[in-house]
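Heads up: the structure comes next, in structure tokens.
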Amino acid sequence: MATMDDHFNRVMRKNPTIQDDLRGIFKSSSCDSPQRSITLSQIPAYSERTGKEFPIKGGTRTQMCFILTVPYVCCFTSRIGTLRFYTIDINQER
């Protein structure tokens, strides 16, 4: 039985620039703090950026788990449960 990790690895092999593309979406949206985060519904910018559909199908949990495989991406939920994503700058680490 295939695991989620196996599925994500296949997606990354078929789409080798996906992590850079997602980082680019976060960067172009200035999503570098919880106050300037984006939701899953704003990730369709991926298709505008790449000309391809976002390759992770399924529920929000699957999409969230995949996006969190990108280094330095953070996620939290709003009071009503909306997933919000942003990146941290590696230079901000302590």
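Worth a mention:
- Relative to the longest principal axis of the Cα atoms of the chain, helix 18-28 runs at roughly 20 degrees.
- Using the Cβ of ASP20 as centre and a radius below 11 Å, the other residues enclosed give a net charge of +2, where K and R count +1 and D and E count -1.
- Once both labels are positioned 7 Å from their Cα atoms along Cα-to-Cβ, the gap between MET64 and SER78 label points is 1.4 nm.
- Folded to 0 to 90 degrees: helix 4-14 orientation relative to the chain principal axis, Cα: 80 degrees
- Here the alpha carbons of the chain define both size measures, Rg and Dmax, at 13.2, 40 Å.
- Counted charge near THR50, where neighbours are those whose Cβ lies closer than 12 Å (Asp, Glu -1; Lys, Arg +1): -2
- Per-residue [θ]222 nm for the chain (sum of -39500 (n - 2.57) over DSSP H runs n ≥ 4, rounded to 500): -11000 deg cm²/dmol
Any read-out appearing in this document is the output of simple, stated calculations on the displayed coordinates, not a laboratory observation. Remember, it's a predicted structure, so these values are computed and weren't measured experimentally. Backbone-built Cβ (ideal geometry, glycine too); neighbour counts: all protein chains shown.
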